[in-house]
Amino acid sequence: MFFKKNPLSFLLAFTKQYADIVFLVDSSETMGSSNSEEVKKFIAQIIEKLDVGRNKYQIGFAQYSGKGQVEFLLNTYETKEDVLNHIRSNITFMGGPLQTGEALKFLQETYFIEESGSRFKQGTPQFSVVVISAKSEDDVKEAAKVLKDTGIKVVTVGILNSDLEEMETVSTSSLVYQVNDTQNLNQLHKSILDIFEAPVQQQYDVAVDTEVPAVCSSASVADIAFLVDESSSIGHRNFHLIRTFLLMIISALDISRDNVRVALVLYSDKPRLEFSLDTFEEKSEVLNYLTKLPYRGGKTRTGAAIDFLREKVFIKKKGSRKGEGVQQLAVVITDGQSLDNFTEPASNLRRRGVTVYAVGIQNTSSIGQLYKIASHPPRKHVTNLESFLQLSNIEWIIKKRLCNEIVSQTFAVPVRCKETEEADIYFLIDGSGSINPDDFRDMKVFMNELIDMFQVGTDRVRFGVVQYGSNPKTEFEINQYNTVAQLKEAIKVIKQLGGGTQTGDALTYMQSLFKKAVRDHVPQFLIIITDGKSQDPVTKAAEELREGGIVIYAIGVKSAVQKELEDIAGTKDRMFFVNDFDSLKLIKHDIARDICSPEACKNLKADIILLIDSSKSMDQVQFDHIKQFIELIVNRSDIGAEKVQIGLLQFSSDPKEEFPLNRYNNKANLRKAISLMRQMKKGRKIGKALDFASPYFDMSKGGRPGVKQYLIMVTDACGTQEADLVFLIDGSRSISVRNFSAMKAFMKEIVDSLVIAQDKVRIGVAQFSKDPRKEFYLNELYNDIAIKEKIDKIAQLKTTTFTGKALRFVKSFFEPANGGRKNTGVLQSLIVITDGKSNDSVDEAAIDLRNDGIQVFAIGIGTPNLFELLRIAGDARRVYVVENFEGLQTIKRKIVTEICEPGDLPSQECNIDISVGVDISERTGSPSAFRLKQKMQTYLPWLMQQMGPMINVSCSLAFPITIRFRYQVFARNGKSLFDSDFEPYNDEIIKKFLAVQTMEDTYLNIGFLESFWDKSLSLASAKVKVLLIFTDGPDDSVEMLKTTVDVLRRKARQIQNIPSLESEVIGFNTFCFSGLDAFLMIGLENFQEFHELQEIEFGRGFGYREPLLIGNPELPSILWRAFDTIIERECCSVCCKCFGEDGNRGVPGSPGQKDFSFILLSDRAGFISAGNWLNSAVEENSDSLSRKGADGRLEAWVIKDIQAILVRKEKLETRVQRGSMAHEETEDALVQGDQRQVNILEVDKGDTEETRTPTDDDDDDECLGEDGDIGLYGIDGQEGDRGSPGSSGPKGRSGRRGREGPRGQPGERGQPGIRGDSGVPGIDSNIFGSLGPKGNTGQQGEHGVDGVEGEPGENGLIGPEGQRGPPGLKVSSHY
């Protein structure tokens, strides 16, 4: 199907892509000439395997030492032979110093540009292979970052004395290869070629497995629409990069019907809905669709596409949950200038409550376009890139921004300014003609929302409004309205003035209003909103207001001049700018906080000592952030000898005074002293630092008796008062001596981050290999120095790996005898570090530890078994994987944070979700199956209703327990035929469920169980999850079913399965570990091998031996006790609960009225009439049915009420079977003999059945004789005539419109159209256009007319003497 829809996408997904590859080779003295030759051979062998050409792989080559040298550019050679010939014959070794940083700058500036042949704008992958022989003499970090930020993938190959850490800094993620000498380079050919030749489908697979920010695990509910530009300027390669980017983003989201929903719209000339918010319920379906996403091309009309989002996507009909309060998000990805107006559509979308993110790529000439699309502030919502290749660099940022937005809105607490008890606040709003009506309404919304944040009242916070255009107008004064409702009503009726923008005049006008409203010691604020430059001066008027003690907040919108806003406010801190009026509401919190915070600290008098951690665990960036934090405290405090005093101390291995409380009494000196503080960068001794800080509150150090005193310690060390922490480290032979030392160093780093003491954090260590060994218990060492010395002395065991045995062993470390304090409520933590798969099972031992209240961290080194780590930890948030032992340092901070700040306490709410299914796998029309299904129609509602009143438990819960049922029917292929969702008991739902169930055969096999998990229980929100199946017996082997159930029992519902932590760490931070809590099976009456079911089910506790059978009258009581046991165990941690004895059975009820059911036996000649009276009785009192049985012979039976009697021919016998659903009775009788006769079977409810041979006198049916002999089978009758066709069913619903196909080939040029009417003449403009380009030289023109003869000029200077002429002719004279 996919290939037919989009053959180009199909081909792209499974073919390789070409690339631009530049080799940058170290040619320094450390490389040496002979090694340089080997490197050239290595590179030549790689190139020989590539398909080199102008539209294929392009190759560039450079070498470097002190500087870079061009050998050939990407567009120098078009054939592989020319490339190889140059490498083998024309490259001369350079020698000199090694400066890799400079070479990387040279590489970017010289090779990865269009002039050198780079195809980065077309989306062609860009690679650089850097061959290094030693550590660089210059810094590489900045140059490498710039190179990678442009979208270039950097592969590093290290030889000789290369530095691994530096190579990792230079390379992209894990593209690092290191060998001891050049002879081993041949080992790397295939690995490097695989990087270049990765097919598109493999790239998609990698995209789905990218890292996920930790915050995304909490980003659980949102509606997100992606709007993607597919115009012709993008091209197929770049669109592939967009597909990959979308896969990265969406794979990080928790997609399901009740969590995150996503929609996708592609647009060019017009928008096309690919899928709406309610199209897909599972992430895998979305990801699969994205890999097949078509590309069409066209022109860019962003405005129409944004309108489409608002009108056709973010609506309830298409799955939007805005009405339920769910956050609405849009991500717009575009590469060019829109041909239509997008400003107003974007504003309307934001007004609808949609938060908009804009990503602009490549051809976006002005970032201003993105600012007008995106929500405020732009720094959070706008991303601009030079190339589509950079999309892979920002996927982390976009994922984090989206998830942060979801979390911040989900857990947002309305801000109210309780600290400001009194204030006078005026709004001064621009009502000039440049503001359209929608924008004016946005201003009124902003004022209303800001008013809501204050305590309004006559003696509290008061508001007034002045509007201005060409002239100011008082809408209402500050003492006019004293309630929020009155203020909002007054704002509602404000009409826009129009006119010019005389801001200076309006500011002057405000002075008299503030003077009139002044109250003693009550602060006054002015909030001015304008959209343009003032037509009169503002500086002097604003300055006079501020000198009068009025604090001004200046808010500019659209075309407002930011310099003018700063002049009005008097400081940048109170100047705000937004791109559109609908964004005003997004800055209200900033303004409210600023108004509130000075009031909160106005009368504060306190002594504050700041104790700052400056140990080596803090990097420079963190230390700088701490200094900024201290400055913020200073700026927000009222500093002075009689107000707030601040002292500063720092500590590492030793503490140090920076300044005491009484040294500085103004902010300027404090800020200067803070800026001069330098980090100490040694160890960390918190206890010593706390002792050092204590005397600094004494009077001798500036402390003031009777004043509140605060010690604020800033550190990345653990703040937990008490914890028991045990390390369980792998000492098997697979771990080298160096790596074992790295593991010990990691433990010491953790110890340095904790406050070690007998009454604070205790440490224990155990090592394991084939057998575990105690290194020291929790109660042996109580200071960090002794613990680290003991760790240094640990000797490695060096045998095989038995992790399960070690987990059982280490449990004893947490016992009170060995220093464990679990009985006193102290946090219990175990850190397991291993590099390989265990040779024994870890499941039972790990569960035992976790059930004992121990939180387990599992750290895997290299390529361990991730699922084994998950089974050890029990929660993917505590699973970490690092590439090597050195990578342990990258996760230290996260481990310490988890120990210090354990997750949320267990919920005090406990509910139970029960998924119900029925397995009747005989033929739907068979008599026994039909009878069972008929029986379930009455029995199931009655049984479920008994479970409704629930359950008193032994522990205290915040809310009553509720039980919800979800009824589902699945076809054999796993397709859902009926799904009720989880709801309390509902009789109508059960009837609908059984109506579908009776028409479908179901099978208790692996697929049946997995369907219930995947499409029901994995989505359950309750704490307790139970699967309840009514079954006529297993349809798979018991062993296979047991294995499947065991998987479901431990199964984790995957929210996002993407790595987290730093670059080297692959941590699965995104599971919600919540498997099945109980699996109960109720045997139907025709299934007697109940012991098989007992082998499969679990969770019933000590009552597991009691059979759950339909035929058991005690079933409701047994089932109720089972649910009670499950809830006690899961919600109250009570594993055993005693019940009273069952009461005596009640007195039987009085017999009902006699009722009859009839059945007619058939002979081989067909059905034989038993007389009109029987036919009449069957017609009036029962439902009759006849059909061919499983053996092809005819059967007949009559059902009356809940009685069923069946007669079947089985070989030479006739079997008569009666079942009573009311009394759970079944009776069989074999009928034998040669008589061919009609037998009438009469059944009295509650009585035994009687049969008789009918006589000629059959009109009298009131008395019955003795049973007669039963005759032989009759001859099968002829097949009856086909019945008339049934009426047509209702017309089905229309399917979803298919996606639009790819753009077709251009058609032939059409005939010229009729000439249009002349256009309206344009208006003359006095604005000259820009100077056009210089034209080509024209042809020489014709000679012009001779001009007027000029006047004679002045005599010139005497010229030089001329040459002597030739002799003249001789003339003779005659006289």
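The values are calculated or read from the model by the stated rules, or taken from the named source; none is laboratory data. The model shown is predicted, which means the values in this text are computed figures rather than measured ones. Counting neighbours? That spans all protein chains shown, and the Cβs are built from the backbone with ideal geometry, glycine included. What goes into the accessible areas is simple: the full protein's heavy atoms, side chains included, and nothing from ligands, DNA or RNA. Shrake-Rupley method; radii C 1.70, N 1.55, O 1.52, S 1.80 Å.
Among the residues of region 20-59, those identified as under 40 Å from the mean Cα position of the chain (by Cα) and under 23 Å from ALA134 (Cα atoms) are ILE21, VAL22, PHE23, LEU24, ILE46. Residues that are open to solvent by less than 10 Å² (accessible area, probe 1.4 Å) and of a type in the set (Phe, Trp, Tyr) are absent from region 565-576 altogether.
Look at region 984-1022 and say how many of its residues are open to solvent by 60 Å² or more (accessible area, probe 1.4 Å) and within 20 Å of ILE963 (Cα to Cα).
Going through region 984-1022 one residue at a time, the tally reaches 8.
In region 249-260, of all residues being part of a helix (DSSP H, G or I) and either in contact (Cβ under 8 Å) with a residue 60 or more places away in the chain or aromatic (Phe, Trp, Tyr) (or both), the one that is nearest to LEU227 (Cα to Cα) corresponds to ILE249.
Can you say whether LYS372 is out of contact with any Leu (no Cβ under 6 Å at 6 or more places or on another chain), at pLDDT 70 or above and in a helix (DSSP H, G or I), as far as the supplied structure shows?
Numbers: out of contact with any Leu (no Cβ under 6 Å at 6 or more places or on another chain): yes; at pLDDT 70 or above: yes; in a helix (DSSP H, G or I): yes.
So LYS372 passes the test.
The residue of region 773-785 that is nearest to the chain's Cα centre (by Cα), among those that are open to solvent by 30 Å² or more (accessible area, probe 1.4 Å) and not hydroxyl-bearing (Ser, Thr, Tyr), is ASP784. Close Cβ contacts (under 6 Å, 6 or more residues apart or on different chains) running from residues in region 286-311 that are over 19 Å from ASP335 (Cβ atoms) to residues that are among the aromatic types (Phe, Trp, Tyr) and crowded, with 17+ Cβ neighbours inside 10 Å comprise VAL286/PHE280; THR291/TYR204.
Answer with yes or no whether MET944 is at pLDDT below 85, open to solvent by 10 Å² or more (accessible area, probe 1.4 Å) and either in a helix (DSSP H, G or I) or closer than 24 Å to ILE1118 by Cβ (or both).
Details: at pLDDT below 85: yes; open to solvent by 10 Å² or more (accessible area, probe 1.4 Å): no; either in a helix (DSSP H, G or I) or closer than 24 Å to ILE1118 by Cβ (or both): yes.
Against the criterion (at pLDDT below 85, open to solvent by 10 Å² or more (accessible area, probe 1.4 Å) and either in a helix (DSSP H, G or I) or closer than 24 Å to ILE1118 by Cβ (or both)), MET944 does not qualify.
Being in contact with a strand residue (DSSP E or B) (Cβ under 8 Å, 6 or more places away or on another chain) and aliphatic (A, V, I, L, M) is the filter; apply it to region 273-287 and report the residue that is surrounded by the most Cβ atoms within 10 Å (Cβ to Cβ). My answer is LEU277. From the list VAL765, VAL810, VAL832, the one residue that fits, being of a type in the set (A, V, I, L, M, F, W, C), without any contact (Cβ under 8 Å) to a residue 40 or more places away in the chain and either more than 20 Å from ARG733 (Cα to Cα) or open to solvent by less than 50 Å² (accessible area, probe 1.4 Å) (or both), is VAL765. The set of residues in region 688-705 being open to solvent by less than 40 Å² (accessible area, probe 1.4 Å) and either without any contact (Cβ under 8 Å) to a residue 24 or more places away in the chain or of a type in the set (Gly, Ala, Ser) (or both) consists of ALA689, ALA693, GLY702, GLY703. Scanning region 151-171 for residues being open to solvent by less than 40 Å² (accessible area, probe 1.4 Å) and outside any helix (DSSP H, G or I) gives a total of 10. Pairs meeting the criteria (first residue in region 261-284 and closer than 15 Å to PHE314 by Cβ, second residue among the acidic types (Asp, Glu), beta carbons under 6 Å, at least 6 apart or on different chains) are ARG261/ASP223; LEU264/GLU274; LEU277/ASP223. Could you tell me how many of the residues in region 418-462 are closer than 16 Å to ARG593 by Cβ, without any contact (Cβ under 8 Å) to a residue 40 or more places away in the chain and over 39 Å from the mean Cα position of the chain (by Cα)? Looking only at that region, the number is 0.
Looking at LEU1093, LEU1119, just one residue is part of a helix (DSSP H, G or I), crowded, with 20+ Cβ neighbours inside 10 Å and at pLDDT 80 or above, and that residue is LEU1119.
Against the test of being of a type outside the set (A, V, I, L, M), in contact (Cβ under 8 Å) with a residue 12 or more places away in the chain, open to solvent by less than 70 Å² (accessible area, probe 1.4 Å) and touching a strand residue (DSSP E or B) at 6+ places or on another chain (Cβ under 6 Å), the options GLY647, GLY640 yield a single qualifying residue, GLY647. Is it the case that region 739-749 has a residue that's open to solvent by less than 30 Å² (accessible area, probe 1.4 Å), of a type outside the set (A, V, I, L, M, F, W, C) and under 36 Å from the mean Cα position of the chain (by Cα)? Within region 739-749, one or more residues are open to solvent by less than 30 Å² (accessible area, probe 1.4 Å), of a type outside the set (A, V, I, L, M, F, W, C) and under 36 Å from the mean Cα position of the chain (by Cα). Got at least one residue in region 501-524 being under 18 Å from LEU450 (Cα atoms) and modelled with pLDDT under 90? Yes, some residue in region 501-524 is under 18 Å from LEU450 (Cα atoms) and modelled with pLDDT under 90. Residues that are open to solvent by less than 80 Å² (accessible area, probe 1.4 Å), closer than 23 Å to LYS605 by Cα and free of Cβ contacts under 8 Å to residues at least 12 places away in the same chain occur at least once in region 669-686.
Kindly establish whether ILE306 is of a type in the set (Val, Ile, Thr), more than 26 Å from ALA1020 (Cβ to Cβ) and not in a strand (DSSP E or B). Considered against the rule, which asks whether it is of a type in the set (Val, Ile, Thr), more than 26 Å from ALA1020 (Cβ to Cβ) and not in a strand (DSSP E or B), ILE306 comes out as yes. Can you pull out every residue in region 827-856 that is of a type in the set (A, V, I, L, M, F, W, C) and either under 29 Å from the mean Cα position of the chain (by Cα) or under 21 Å from CYS1131 (Cα atoms) (or both)? Those that are of a type in the set (A, V, I, L, M, F, W, C) and either under 29 Å from the mean Cα position of the chain (by Cα) or under 21 Å from CYS1131 (Cα atoms) (or both): LEU827, LEU830, ILE831, VAL832, ILE833, ALA846, ILE847, LEU849, ILE854, VAL856.
The residues of region 957-1015 that are more than 22 Å from LEU1076 (Cα to Cα), touching a residue at least 12 places away in the same chain (Cβ under 8 Å), acidic (Asp, Glu) and part of a helix (DSSP H, G or I) amount to a single one, ASP987.
Would you tally the residues in region 470-487 being open to solvent by 70 Å² or more (accessible area, probe 1.4 Å) and either closer than 22 Å to GLU422 by Cβ or part of a loop (DSSP other than H, G, I, E, B) (or both)?
Restricting attention to region 470-487, the residues satisfying the condition of being open to solvent by 70 Å² or more (accessible area, probe 1.4 Å) are 471, 473, 479-480, 485-486.
So of that shortlist, the ones also either closer than 22 Å to GLU422 by Cβ or part of a loop (DSSP other than H, G, I, E, B) (or both) come out as 471, 479-480, 485-486.
Of the residues in region 470-487, 5 are open to solvent by 70 Å² or more (accessible area, probe 1.4 Å) and either closer than 22 Å to GLU422 by Cβ or part of a loop (DSSP other than H, G, I, E, B) (or both).
Of the residues that make up region 322-331, is at least one among the charged types (D, E, K, R) and part of a loop (DSSP other than H, G, I, E, B)?
No, because not a single residue in region 322-331 is among the charged types (D, E, K, R) and part of a loop (DSSP other than H, G, I, E, B).
Cβ contacts < 7 Å: first residue under 22 Å from GLY1075 (Cα atoms), restricted to region 838-864; second residue part of a loop (DSSP other than H, G, I, E, B), any location; separation 6+ or different chain. Result? Sorted first by the residue in region 838-864, then by its partner, the pairs are ALA846/GLY874; ARG850/GLY874; GLN855/PRO902; VAL856/GLY874. Residue check: GLN645 meets all listed conditions (1) outside any helix (DSSP H, G or I); (2) at pLDDT below 85 but one, namely (2).
Among PHE93, PHE127, PHE72, PHE112, which is the only one that is aromatic (Phe, Trp, Tyr), open to solvent by less than 40 Å² (accessible area, probe 1.4 Å) and farther than 23 Å from LEU175 by Cα? Spell out the reasoning first.
Numbers: PHE93 fails: open to solvent by less than 40 Å² (accessible area, probe 1.4 Å); PHE127 fails: farther than 23 Å from LEU175 by Cα; PHE112 fails: farther than 23 Å from LEU175 by Cα.
Just a single option satisfies the conditions, and that option is PHE72.
Does region 579-596 contain at least one residue that is assigned to a loop (DSSP other than H, G, I, E, B) and over 21 Å from PHE476 (Cα atoms)? Looking for residues that are assigned to a loop (DSSP other than H, G, I, E, B) and over 21 Å from PHE476 (Cα atoms), one finds at least one in region 579-596, hence yes.
Tell me yes or no: at least one residue of region 504-513 is assigned to a loop (DSSP other than H, G, I, E, B) and surrounded by fewer than 21 Cβ atoms within 10 Å (Cβ to Cβ). Scanning region 504-513 turns up no residue that is assigned to a loop (DSSP other than H, G, I, E, B) and surrounded by fewer than 21 Cβ atoms within 10 Å (Cβ to Cβ).
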